1. For Ala63 paired with Thr14, estimate the spin-label separation in nm (one decimal), with each label point 7 Å from Cα along the Cα-to-Cβ line.
2. Roughly what percent of Cα-Cα pairs across the chain reach past 16 Å?
3. Which of the DSSP-defined H helices in the chain satisfy a minimum axial length of 20 Å, computed from C-alpha atoms, and a minimum mean Kyte-Doolittle hydropathy of -0.5?
4. At 222 nm, what value in deg cm²/dmol follows for the chain if DSSP H runs of at least 4 each add -39500 (n - 2.57) and the sum is divided by all its residues, to the nearest 500?
Amino acid sequence: MKIISIYALFAVLTLTLIVIIDVMAGISLPASLHSLTTLFATTTLQEAICITIFLLLPFIQVAVHASKKRQSRRKPS
């Protein structure tokens, strides 16, 4: 679960950095937030699939790691 929280923290920091840079460049805060929503509204299906896969990778990694730990606990050594 730690890795998922790290990925979430990185996502929040990245979006915050994008908004801060826009505001420093002279774009208003609502316009900057609106540009983020329109960015994702114009993606194609293939791009949306790639984005979804990369967003799901941390969850898949945690699930695989957890299942390997359970299997190693069940095997008597």
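1. Using points 7 Å along Cα→Cβ, the separation is 2.1 nm.
2. On the way: 1959 of 2926 pairs.
Summing the P(r) of the chain above 16 Å gives 67 percent of all pairs.
3. Details: long enough: 2-24 (32 Å, 2.27); 45-74 (42 Å, 0.42).
Helix filter hits for the chain: 2-24, 45-74.
4. Working: 3 runs with 66 residues, N = 77.
The helix-only estimate for the chain comes to -30000 deg cm²/dmol at 222 nm.
Here, each number is a calculation from the coordinates, and none is a lab measurement. Since the structure is predicted, the reported quantities are computational estimates derived from the model, not experimental observations. Neighbour counts run over all protein chains shown; Cβ positions are idealised from the backbone, glycine included.
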